[in-house]
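**Q** Okay, here's the structure, questions in a sec.
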Amino acid sequence: MESNPLPNEIHTEFVFEAKVGIGSTLVIGPSSRGKSQLIPITGGTFSGPNIQGTVVPGGADWQCTRPDGVMTICARYTLKTHDNALISVVNKGLVHMGKNPDGSPLVYVRTVPAFEAPVGPYDWLNKSIFLGTLTLAPPRDKQVIIRVYRVF
């Protein structure tokens, strides 16, 4: 971690990578905001330099594709650390499909995970802003890969 960055500079530090199992998509259908669906979270693992453990089954990712084609996502799930601390996660973001300047496909997926950790060794999660990326694993794996970074 860098100490005392200049106030207008942004720095990030890798926190963890999660391999999150997903279930079949449940289509809710059209709503006033767009087409809604949810994807169950079936479990998984996460690991980083200062934190590791499992993703507790039972969460879900609520998704809404707006009329402009942009998808909003809001995943709610729980992490269980190797030493049995439970950490609540609300991970909101945007997914946009487009094209790069050279015409190649662009998939923009960025999230802002917020953590609610118990006081103790993971309290640092309550005191920073985090950014995330999300990548789909091959369909046969039925999982997504989330990488989380702390912003300084």
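The values are calculated or read from the model by the stated rules, or taken from the named source; none is laboratory data. Computed from a predicted structure; not experimentally measured. No Cβ is skipped: glycine too gets one built from the backbone with ideal geometry, and neighbour counts run over all protein chains shown.
**Q** Could you grab me the full set of residues in the stretch 79-103 that are assigned to a loop (DSSP other than H, G, I, E, B) and under 20 Å from Gly120 (Cα atoms)? Give the derivation first.
**A** We begin by selecting, within the stretch 79-103, every residue assigned to a loop (DSSP other than H, G, I, E, B); these are 82-85, 100-103.
Passing the criteria: His82, Asp83, Asn84, Ala85.
**Q** So, one more: Could you say which residue among Ile51, Ile41, Ile87 is under 21 Å from Tyr149 (Cβ atoms) and touching a Gly at 6+ places or on another chain (Cβ under 6 Å)?
**A** Numbers: Ile51 fails: touching a Gly at 6+ places or on another chain (Cβ under 6 Å); Ile87 fails: touching a Gly at 6+ places or on another chain (Cβ under 6 Å).
Criteria check complete, one pass: Ile41.
**Q** Looking at Asn4, Asn50, Asn84 in this structure, which one is modelled with pLDDT under 95 and surrounded by fewer than 16 Cβ atoms within 10 Å (Cβ to Cβ)?
**A** Numbers: Asn50 fails: modelled with pLDDT under 95; Asn84 fails: modelled with pLDDT under 95.
That would be Asn4, the only listed residue that is modelled with pLDDT under 95 and surrounded by fewer than 16 Cβ atoms within 10 Å (Cβ to Cβ).
**Q** While we're looking at this one, here's another question. Looking at the stretch 92-116, which of its residues are within 22 Å of Asp68 (Cβ to Cβ) and within 9 Å of the chain's Cα centre (by Cα)?
**A** To start, the set of residues in the stretch 92-116 that are within 22 Å of Asp68 (Cβ to Cβ) comprises 92-101, 103-112.
The answer is Lys92, Gly93, Arg110, Thr111, Val112.
**Q** Residue check, Arg76 against (1) outside any loop (DSSP other than H, G, I, E, B); (2) at pLDDT below 95, all met but one. Which one?
**A** Evaluating Arg76 over (1) outside any loop (DSSP other than H, G, I, E, B); (2) at pLDDT below 95 leaves (2) as the failure.
**Q** Same structure, new question: Would you call Val119 outside any strand (DSSP E or B), among the β-branched types (Val, Ile, Thr) and over 18 Å from Thr12 (Cβ atoms)? Spell out the reasoning first.
**A** On the way: outside any strand (DSSP E or B): yes; among the β-branched types (Val, Ile, Thr): yes; over 18 Å from Thr12 (Cβ atoms): yes.
Yes.
**Q** Taking the condition of being without any contact (Cβ under 8 Å) to a residue 24 or more places away in the chain, hydroxyl-bearing (Ser, Thr, Tyr) and touching a strand residue (DSSP E or B) at 6+ places or on another chain (Cβ under 6 Å), how many residues in the stretch 82-127 meet it?
**A** 1
**Q** Name the pairs whose Cβ atoms lie under 6 Å apart, with the first residue in the stretch 19-43 and farther than 17 Å from Gly59 by Cα and in contact (Cβ under 8 Å) with a residue 60 or more places away in the chain, the second in a loop (DSSP other than H, G, I, E, B) and polar (S, T, N, Q), and 6 or more positions between them or separate chains?
**A** none
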